[in-house]
Structures are given as structure tokens and as C-alpha cells.
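Worksheet: one structure, shown below.
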Amino acid sequence: MQYARKLRKGDKVAIVSLSSGMLGEDFCSHNIEIGVKRLEEYGLKPVFMPNALKGIEYLQAHPQARAKDLKDAFLDDSIAGIICAIGGDDTYRLLPYLMEDAEFIHAVEKHPKLFTGFSDTTVNHLMFYKLGLSTYYGPCFICDLGEIANEMLPYSQKAFKSYIEGNESGEIVSSELWYEERADFSRAAIGTDRIAHKEKRGFELLQGSDVFQGGLLGGCLESFYDMLAASGYEEEKAVCEKYGLFPNKEEWTGKILFIETCEEKPVPELICG
């Protein structure tokens, strides 16, 4: 696997909308202002790729435009990192425009860049894994850098800071707090804190040794399910199989599996039934 260097002050970071185009909607304008300000406070220079702000309707209809932004970010030598706007549910539609583009694949292999995002960005992470690039399953622009409280949530802030040279953290610990979801994400709610609760359980060992090691491999459980069972879009399973996106059995050997679920909180029967 290749590993991108950490970010440094003065670096340009590209903002891309690889799934939902909501970053380009008026209701996210304040998230952009807040996110830009925070990136600049870290000494980074945000660059919104040409299609990133074209909105939900346009990007839904033009997956090739989303793919082009990612490709162009890799081709631009002045860009050191790439931050996804948010997740969504149809990122697989970018695969034909990227996995069949020799110029993109060559750029990823020869010029690795830091890449971060979560949720259905799982598809992009597995694509990069297939291409030999280690990525960060972590903070995105709208939810984290654009968090409307006066500060980023502490756990997210620590994770993002770890992307910046000199802030490496070797220990992964449980968050001290958990938060209720907001009811109001509007500009009027800027400066309000989420309702927080003390985390009482922390990590729970369900079975096996409490000391283990291995490479991390995982993502969003619903994204895994959709690409394996074609539960979301009828053609998604076939597209992902065409490009060998889901790691085979041998590739999971010796790995630490991590999974998350989306805000819809699916019941176990949905995945295991």
C-alpha cells in the first residue's frame, strides 16, 4: 500500500462532492463559510473543485462530473489532500469513469494524496484500496469542518488534526461524549451546541483477546450491503463486481474490521435477515 504524506501549513486541499450535491445548495452556504474558516485556521487553503458546488440535481444527473473533480484533484500537483463534502447513496456510479481511466489510475499510483470521508464514500475508499492507496475513513466537510457549533466536536477535531504534520496520534481511544442529532441545521442555529452525554461504556470487547493488531479495513455497513445484495440500486452489485471492488476473503485475513451505520439506524434484521 502507498501512504500519502500528512498535510502541511500552506497546502491546498480539494473539496469534492462525490455523492450528494447538497454542498452546492443555499441551505449549506453557512457550512461552507464555517468550514473554509476552520481550514484556513489550520493553515490550509481550500479549493472547491469546479463541480463540487453545482447542487443536488446537477450532480445526481452527472456522475461523470463528480468523477472528473476527483481525477482533476489527483492531476493537480499543487493539491495535497482531498476532503469529501458528505456521503450519500450512489457513489458507485463514478466507478466506470475512474476505474477505466488509465490517466486517473496512473495519477493515484504515482502521486498519492490524503483522502478523507465517510458513509457512502466507502465506495471510493474501496476503490483506492484496490488501487493500492491507503485512505482515511474520517471527517468530511459539511458534517465536521462545517459543524455549526462554535467548535468542531472534540473527537472529530482530534481526528482531523491528526492529518496535519506534527499532530500524529498513535492511540485510538473512545470518545468521552456522545451527541444527539440536531433538529435544526440552519444558519439560525449557528453557535448552538449539540446535546451531549457522557460516554459510560467506552469500547466493549465482545470476544477474543484484548490485545490484537492488523491493518484497518471496513466502511459503512449499508454501503457494503448495497454493493453485495443490490438492495439500493439494481445495477450497483454488478458494477462493483465488474471492478472487483469488494475485497475477497483472503484480503480480510489479518485485518481489523471497522463498520459504521448511517443516521437511519437500520435494525439488525435488515442486514442479517
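Okay, here's what the table says:
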{"read-out": "Selected from Leu257, Cys240, Tyr42, residue furthest toward positive end of dipole (the chain; charges at beta carbon)", "value": "Tyr42"}
{"read-out": "For Gly218, distant residues with modelled amide H under 5 Å away", "value": "Phe258"}
{"read-out": "Distance between modelled label sites at Asp101 and Val211, nm, 7 Å Cα→Cβ extension", "value": "4.7"}
{"read-out": "Residue among Val123, Val108, Val173 with the largest mean-square fluctuation in a Gaussian network model of the chain, springs linking Cα atoms under 10 Å", "value": "Val173"}
{"read-out": "Once the Cα gyration tensor of the stretch 95-225 is diagonalised, semi-axes √(5λ) in Å", "value": "29, 22, 15"}
{"read-out": "Amide proton proximity set for Ile164, modelled H, under 5 Å, gap of 5+", "value": "Leu7"}
{"read-out": "Relative packing of peptides 10-20, 174-184, 36-46 - highest average C-beta neighbours within 10 Å first", "value": "10-20, 36-46, 174-184"}
{"read-out": "Separation of the Ser169 and Lys110 label points, Cα + 7 Å toward Cβ, nm", "value": "3.7"}
{"read-out": "Rounded if a/c under 1.5, otherwise prolate or oblate - the chain, Cα gyration tensor axes", "value": "rounded"}
{"read-out": "Ranked packing of 141-149, 197-205, most packed first, by mean Cβ within 10 Å", "value": "141-149, 197-205"}
{"read-out": "Nearest-0.05 FRET efficiency for Leu177 and Val267, computed from C-beta distance (R0 22 Å)", "value": "0.30"}
{"read-out": "Residues of type lysines that Lys9 reaches as a straight line, Cα spacing below 18 Å, ignoring anything fewer than 8 places off in the same chain", "value": "Lys37, Lys45, Lys113, Lys158, Lys161"}
{"read-out": "Largest-first ellipsoid semi-axes for the stretch 2-161, taking √(5λ) over the Cα gyration tensor eigenvalues, angstrom", "value": "22, 19, 13"}
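Bear in mind these aren't lab numbers, they're just calculated from the coordinates by the rules spelled out. What you see is a predicted model, and the numbers here were worked out from it, not measured in a lab. Note: ideal-geometry Cβ built from the backbone for every residue, glycine included; neighbour counts use all protein chains shown.
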